[in-house]
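The block underneath contains the structure these notes are about, expressed in structure tokens.
The values are calculated or read from the model by the stated rules, or taken from the named source; none is laboratory data. As the structure is a computational prediction, the values presented were derived from the model and not from experiment. Heads up, the Cβs are rebuilt from the backbone with ideal geometry, glycines too, and the neighbour counts pull from every protein chain shown.
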Amino acid sequence: MKRIAAILTSLVLVFSLAACGSQQAGTAAGSEAASTASSETASAAQTKTEEQLLAEENDILTANDELWEKVFASMDKNVTQTTLNNNYGDFLMDAVDNAKDQFTEEEYASLKADADKIREIENQITALPQDEATSQSAAENGSTFPQFEGKDLDGNSVDSSLFANNAFTVVNFWFSGCKPCVDEMDDLDALNQRIKEQGGEVIGVNTETLDGNADNIATAKKILESAGASFRNIYFDPGSEAGKFALGIMAFPTTCVVDRQGNIVGEPIMGGIDQEANMATLEKLIADAVASDTGK
């Protein structure tokens, strides 16, 4: 659930602008300084792009990554789009409350503060003009998978032409600290071996590797090796359309089926395919892709 994805929080921004306003005003009244800070904060928020705001959310989660990983690990794997349609900060706040018993009072307060900051950032994203922000990510809406050029975890070049070489491609989005993601690796590898006969392939995208960070790539490779998973994992520029596509995903793991033309078939599946219902849904999407495949 890391919306990887990079960072001042809204709260920090408010404090820093308030301090700046006080220094510039000198003897100005405290109420006037606060008003100025509020105005400057709103103006600063308006100049930010959706990508920058999502990066702020990422950094908030990363700063307390060990605590958030415990929250994510305790979540119900059956996260649905309905639960994510509202403010992401509210979603995280509920998740923290459900895992409250696992944390000290100080840790709980810190997590609640993080979720509150993210809720405010989500409000800023919602307020952006329509050409700068969308109400849902590309993965949620269903569309064509964005074109990309990147590498696999061994450094070999890859690009979106890989879709044309397969009757269908199962693309799985994950990150290294996501326990449900790691738990399904052996199932994904078994699926990859099985669908080869149908002309299919499983491709993994670890969102923590998108920037090419060597340590994150090494960690992802160790996880795959430990699970005995040999299916290809790739990464691409986080600033590209494909990168934004990946960073817009709000639930992990998320899996989608892409046809030979690069179109996403049906709706993405949120939650592990090691769950019977999710695997049944995936099989249906694969069957649809195979039935509509017209070949190269």
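Some observations on this one:
- Criterion violated by Ser240 - all others in (1) within 19 Å of Asp159 (Cα to Cα); (2) more than 19 Å from the chain's Cα centre (by Cα) satisfied: (2)
- Residues of region 251-296 that are in contact with a strand residue (DSSP E or B) (Cβ under 8 Å, 6 or more places away or on another chain), among the β-branched types (Val, Ile, Thr) and over 12 Å from Glu184 (Cβ atoms): Val257, Val258, Ile264, Val265, Thr281, Ile286, Val290.
- Boolean, Leu247 is more than 15 Å from Val170 (Cα to Cα), surrounded by 17 or more Cβ atoms within 10 Å (Cβ to Cβ) and at pLDDT 95 or above: no
- Test: residue in region 89-111 that is over 15 Å from the mean Cα position of the chain (by Cα), in a loop (DSSP other than H, G, I, E, B), more than 30 Å from Glu184 (Cβ to Cβ) and modelled with pLDDT under 85: no
- No other residue among Ser160, Ser176 is closer than 20 Å to Leu285 by Cβ and among the hydroxyl-bearing types (Ser, Thr, Tyr) apart from Ser160.
- Those strands (runs of 3 or more DSSP E) lying entirely in region 211-272 with at least 3 residues touching a Phe, Trp or Tyr at 6+ places or on another chain (Cβ under 7 Å): 254-259
- Restricting attention to region 187-211, the residues that are over 15 Å from Phe168 (Cβ atoms), modelled with pLDDT under 95 and surrounded by fewer than 18 Cβ atoms within 10 Å (Cβ to Cβ) total 1.
- Any hit, region 276-295, residues being assigned to a strand (DSSP E or B) and of a type in the set (S, T, N, Q): no
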